[in-house]
Amino acid sequence: MPDPNATESMLTETRRFAPPADFAARAHVKSMAQYETLHARSIAEPEAFWSEVASELHWFKPWDTVLEWNLPDAKWFVGAQTNLCYNCIDRQVDAGLGDKVAIVWEGEAVGDGPGGGPEVLKLTYHDLLGRVSRFANVLKARGVKKGDVVTLYMGMVPELAVAMLACARIGAVHSVIFGGFSAQAICDRVEDGKSKLLITCDGSWRRGKVVPLKANVDQALTMTDRVKDVIVFNRCNAGVPMIDGRDHDWQTLVDAAPADCPAEPMDAEDLLFILYTSGSTGKPKGIMHTTGGYMVHTYLTAKLTFDLKADDPDELYWCTADCGWITGHSYILYGLLPNRCATLMFEGGPNHPAPDRFWDIIERHKVTKFYTAPTAIRAFMKWGDEHVEKHDLSSLKVLGTVGEPINPEAWVWYHEKIGGGRCPIVDTWWQTETGGHMLTPLPGATTTTPGSCCRPMLGIDMAVVNSDGQEVPNNTGGILVCRKPWPGMLRGIYGDRGRFVETYWSKVPGMYCPADGARIDPDGNFWITGRIDDVIVVAGHNLGTMEVESALVSHRAVAEAAVVGFPHEVKGTGVAAFVITQGELPEPGSDAAEQLKKQLIAHCGQELGPIAKPDQVRLTTALPKTRSGKIMRRLLRDIAAGHEITSDVSTLEDKGIVETLQRG
Ligand code: PRX
């Protein structure tokens with residue numbers, strides 16, 4: 001259960017921010033009263049509501065039934081056929097909008113473009129149709145068929161979007177792996193998805209350095225022989241070795257491919273993609289999303305949450321996430337393109353070549369809607385206001401945050417410094433599993449309170465309950481649930497039905513349980529109080545504490561490990577590892593101890609990727625366990641946070657251990 005004390009600091013934030021009247025007047029949803037009416041109707045008549053939304057998109061064949069619900073299995077738009085790639089591209093071209101810009105891409109390096117600026121590429125819907133069709137033909141020529149899993153491990157280049165859309169066009173299931181993950185993670189995901197084709201880049205640019213993507217793939221493929229073909233896009237001229245017969249150059253294949261490739265009509269419930277996310281056990285879960293429902297949910301939520309205006313020629317939306325995460329899937333590509341709005345993709349990091357890179361991009365491209373993570377906002381605050389103040393950010397209209405709770409101080413800074421006090425902020429709560437937004441303000445309607453993700457999206461029935469499923473009173477901590485199925489919901493965990501049922505549908509009878517704690521304030525606004533399982537959210541990314549523990553114990557110097565989160569100034573939550581060493585414990589503070597800690601941090605980076613690198617490592621001879629053998633994680637959390645020990649240590653077998661752990 002969530003710790004009710006965790007809500008205390010949030011309760012002190014009472015400032016309210018109403019949407020500016022001129023913004024509200026032109027918004028899709030203009031007032032709280034209108035939201036309440038629409039929401040009530042969407043919950044009372046979900047099938048009518050969702051079918052009206054779906055009717056705004058293209059279907060090869062309409063549905064016979066909107067929803068078939070046999071808990072925990074939902075089928076949306078049963079009998080219908082559609083294609084998400086068609087809705088992202090062809091629908092716009094068919095409507096005569098082929099010359100409208102679909103994707104604005106900016107490369108990381110400054111000086112590569114004409115006139116010494118960064119490299120910028122603008123792809124119209126027509127351009128995108130050509131590129132995606134050709135690449136779809138490349139996939140077909142390599143034997144990829146409807147339902148096959150294709151693995152993507154690329155940097156943020158336009159070809160990543162092209163590859164995703166090409167998969168969707170021919171009905172292949174993409175499994176995108178974030179470019180920061182390690183060879184082991186690639187191998188595990190390839191094996192789990194039984195993927196025979198992998199698409200990568202020679203490398204990707206990150207803060208002026210080349211991340212060796214192809215080398216990681218080569219290493220991964222020494223551990224599995226599943227992959228028969230690797231397509232390599234040359235981004236960095238890294239001159240990577242190519243294996244004859246297995247590795248193929250992207251451009252050579254594309255140049256030889258025919259230009260025309262009609263979109264495959266897909267059943268609404270055909271698998272669209274799998275995307276791995278961390279869970280309470282060591283093994284990541286391949287979250288499954290299907291075609292029709294995911295399309296309708298991401299389309300509606302992108303439109304309402306960001307108040308997207310298809311008919312505004314200046315509308316330019318930018319989400320700073322990587323396509324390797326759900327945020328990039330849903331809110332760089334799939335929710336955006338069907339809304340006929342231009343979406344910006346940026347290749348690099350926020351501080352390259354200088355800490356004002358994001359604000360420079362917003363000013364140069366005149367970005368109107370901006371979506372980023374609280375961790376990034378906290379980093380910007382640290383780097384100093386002068387980097388922001390140099391730039392004209394007056395094009396901005398809506399600011400969004402995602403991935404983790406935002407502390408009120410960061411919210412207010414974002415509102416004032418980035419939004420000039422005039423842009424509504426949408427703090428969006430959702431998950432890889434939910435496909436799209438579940439709780440969020442609507443920018444023209446909701447009066448926001450910093451730190452709260454406010455209200456359920458239209459069509460979404462969220463509540464805070466006890467373990468029997470009964471709603472808890474206002475301002476009481478409880479379990480966040482969704483009581484009704486929604487179109488973008490996950491359809492399962494790839495290859496693991498039992499884990500799907502156990503993880504999401506067994507904690508509270510009859511309801512979807514995302515494993516977050518929450519409370520609702522007297523105004524009806526939701527506040528997320530933290531995870532209620534062994535997942536920690538580090539810099540906006542899910543990390544299973546068990547995954548890190550498994551990585552640590554795979555090091556020869558480690559006998560046992562326990563990992564917990566602790567409050568971190570920038571990342572929200574940091575990773576603390578408590579490690580029992582094999583053999584003698586090095587003297588605390590000695591060179592040997594410091595050396596070992598560094599090795600263990602690097603080892604986690606290698607095994608899982610940089611996100612999993614512990615911020616603290618404490619070496620010990622034992623872990624605090626109760627007499628029944630359970631690790632006292634609460635005590636470890638207190639030690640990691642440097643708090644006074646409040647846990648009851650009376651059941652601890654070896655009381656001296658606390659001091660050892662504190663010295664670390
Ligand atoms: O704990 C919640 C937190 O991130 C988890 C989902 O992580 P992931 O599947 O990686 O998706 C991240 C991007 C959608 C949630 O269970 N979380 C996400 N958004 C918020 C949040 N916590 C508080 N406030 C949010 N706005």
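The values are calculated or read from the model by the stated rules, or taken from the named source; none is laboratory data. Only a predicted model underlies this, so the values are computations on that prediction, with no experimental measurement involved. A quick note on method: Cβ atoms are made from the backbone with ideal geometry, for glycine too, and the neighbour counts reach across all protein chains shown.
A quick yes/no check of all residues on (1) within 16 Å of the ligand (Cβ to nearest atom); (2) among the aliphatic types (A, V, I, L, M):
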| site | (1), (2) |
| --- | --- |
| Gly328 | yes, no |
| Ile332 | yes, yes |
| Thr368 | no, no |
| Thr375 | yes, no |
| Glu386 | no, no |
| Leu393 | no, yes |
| Leu396 | no, yes |
| Trp411 | yes, no |
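I'd like to check something: does the range 628-639 contain any residue that is part of a strand (DSSP E or B) and within 29 Å of Ala185 (Cβ to Cβ)? Within the range 628-639, one or more residues are part of a strand (DSSP E or B) and within 29 Å of Ala185 (Cβ to Cβ).
Could you tell me whether Glu386 is in the same structural domain as Arg15 (by TED's automatic domain parsing) and touching a helix residue (DSSP H, G or I) at 6+ places or on another chain (Cβ under 8 Å)? Here the answer is no, as Glu386 does not meet what is asked.
The criterion of at least 1 residues that are buried (at least 21 other Cβ atoms within 10 Å of the Cβ), within 14 Å of the ligand (Cβ to nearest atom) and of a type in the set (Ser, Thr, Tyr) is met by the following strands (runs of 3 or more DSSP E) wholly inside the range 436-555: 526-531. Consider Thr428 carefully, then state whether it is touching a His at 6+ places or on another chain (Cβ under 7 Å), within 15 Å of the ligand (Cβ to nearest atom), in the same structural domain as Gly349 (by TED's automatic domain parsing) and among the polar types (S, T, N, Q). Yes; evaluated as a whole, the condition is true for this residue.
Considering only the range 640-657, I want to know if a residue exists there that is touching a helix residue (DSSP H, G or I) at 6+ places or on another chain (Cβ under 6 Å) and not in a loop (DSSP other than H, G, I, E, B).
Checked the range 640-657: no residue is touching a helix residue (DSSP H, G or I) at 6+ places or on another chain (Cβ under 6 Å) and not in a loop (DSSP other than H, G, I, E, B).
Pairs are defined by a Cβ separation below 7 Å, a sequence spacing of at least 6 or placement on different chains, a first member in the range 48-76 that is under 29 Å from Arg497 (Cβ atoms), and a second member that is modelled with pLDDT under 95 and buried (at least 19 other Cβ atoms within 10 Å of the Cβ); no pair meets this definition.
Restricting attention to the range 380-424, the residues being among the acidic types (Asp, Glu) and modelled with pLDDT under 95 number 2. Residues of the range 302-325 that are assigned to a loop (DSSP other than H, G, I, E, B) and within 16 Å of the ligand (Cβ to nearest atom): Phe306, Thr320, Ala321, Asp322, Cys323, Gly324, Trp325.
Given the criterion assigned by TED's automatic domain parsing to the domain that holds Asn234, touching a strand residue (DSSP E or B) at 6+ places or on another chain (Cβ under 7 Å) and part of a helix (DSSP H, G or I), identify the matching residue among Ala168, Ala215, Ala136.
Ala168
The residues in the range 239-278 that are of a type outside the set (S, T, N, Q) and either in a loop (DSSP other than H, G, I, E, B) or in contact with a Cys (Cβ under 6 Å, 6 or more places away or on another chain) (or both) can be counted, and the count is 21.
Residue-by-condition table, conditions (1) in contact with a Pro (Cβ under 6 Å, 6 or more places away or on another chain); (2) farther than 17 Å from Thr573 by Cα; (3) outside the structural domain of His28 (by TED's automatic domain parsing):
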site: Val367; (1), (2), (3): no, yes, no
site: Tyr371; (1), (2), (3): no, yes, no
site: Arg378; (1), (2), (3): no, no, no
site: Leu393; (1), (2), (3): no, yes, no
site: Leu396; (1), (2), (3): no, yes, no
site: Thr401; (1), (2), (3): yes, no, no
site: Ile418; (1), (2), (3): no, yes, no
site: Gly421; (1), (2), (3): no, yes, no
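Is it the case that Thr224 is within 20 Å of Ala612 (Cα to Cα), assigned by TED's automatic domain parsing to the domain that holds Cys85 and β-branched (Val, Ile, Thr)? Taking the combined requirement at face value, the residue does not satisfy it.
Residues in the range 15-56 that are within 29 Å of the chain's Cα centre (by Cα) and among the β-branched types (Val, Ile, Thr) were compared, and the one that is surrounded by the fewest Cβ atoms within 10 Å (Cβ to Cβ) is Ile43. Considering the range 184-203, and only residues there that are at pLDDT 95 or above, farther than 22 Å from Gly107 by Cα and of a type in the set (A, V, I, L, M), the residue that is surrounded by the fewest Cβ atoms within 10 Å (Cβ to Cβ) turns out to be Leu197.
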